[in-house]
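Working notes, structure below.
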Amino acid sequence: MTLAMVEAVMLGRRADAEALANARMPERWPNRELVERAFTSSLDAIRENPSERLWGNRVMIAVTDGARRVVGSIVFHGAPGADGIAEIAYGVEDGSQRLGYATEAVRACVGWALAQDGVRSVQAATFAWHVPSLRVLENAGMVRAGARDHETMGEMILFERRR
């Protein structure tokens, strides 16, 4: 995921985002909800340090009958800190859920992250009631490592995979 692509998505420039991804975007993307969930930093903060803020971020693209389409994204919450922990999150557009895209992408991105210098573990958090997300993380080889509180929505289950 490049700075130019993030700018196009965050500024709602669909045609630019599609050209940069070389793939058709889902009908509902980009939208304000996607931007708020996928990008924890402001556009200004991302522009100030894109290599740190966009570290490891990827777009999920599926090819069906020769047509490329964006089905989701994988984002890290920035480059890992001194503790060596990278935190991953993901989203798949409604029409492409339950097809294995998230599991495949999470597994690949966790493996990539663990191969990077200084990374000792990758973590992800989801709500106990979000069964599809629990399955994705378990199927991607992550194990339950505890819990933490979300400031407004309650307890989240923490998953981890270590180097």
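The values are calculated or read from the model by the stated rules, or taken from the named source; none is laboratory data. If you're wondering where the values come from, they're calculated on a predicted model, not measured in any experiment. FYI the Cβ positions are ideal-geometry reconstructions off the backbone, even for glycines, and counts take in every protein chain you see. Only protein heavy atoms, including side chains, enter the accessible area calculation; ligands, DNA and RNA are left aside. Shrake-Rupley method; radii C 1.70, N 1.55, O 1.52, S 1.80 Å.
Considering only region 148-163, how many residues are under 18 Å from HIS77 (Cα atoms), in a strand (DSSP E or B) and open to solvent by 60 Å² or more (accessible area, probe 1.4 Å)?
Of the residues in region 148-163, 5 are under 18 Å from HIS77 (Cα atoms), in a strand (DSSP E or B) and open to solvent by 60 Å² or more (accessible area, probe 1.4 Å).
Can you tell me which condition GLY141 does not meet? The list is (1) more than 25 Å from LEU43 (Cα to Cα); (2) surrounded by 15 or more Cβ atoms within 10 Å (Cβ to Cβ); (3) in contact with a strand residue (DSSP E or B) (Cβ under 6 Å, 6 or more places away or on another chain), and all the others hold.
(2)
Could you list all residues from region 64-87 that are hydrophobic (A, V, I, L, M, F, W, C) and in contact with a strand residue (DSSP E or B) (Cβ under 8 Å, 6 or more places away or on another chain)?
Result: ALA67, VAL70, VAL71, ILE74, VAL75, PHE76, ALA79, ILE85, ALA86.
Among the residues in region 44-58, are any modelled with pLDDT under 95, touching a Gly at 6+ places or on another chain (Cβ under 8 Å) and of a type in the set (Ser, Thr, Tyr)?
No, region 44-58 contains no residue that is modelled with pLDDT under 95, touching a Gly at 6+ places or on another chain (Cβ under 8 Å) and of a type in the set (Ser, Thr, Tyr).
Of everything in region 1-29, what is open to solvent by 80 Å² or more (accessible area, probe 1.4 Å) and either touching a helix residue (DSSP H, G or I) at 6+ places or on another chain (Cβ under 7 Å) or in contact (Cβ under 8 Å) with a residue 60 or more places away in the chain (or both)? Give them in sequence order.
LEU20, ARG24, ARG28
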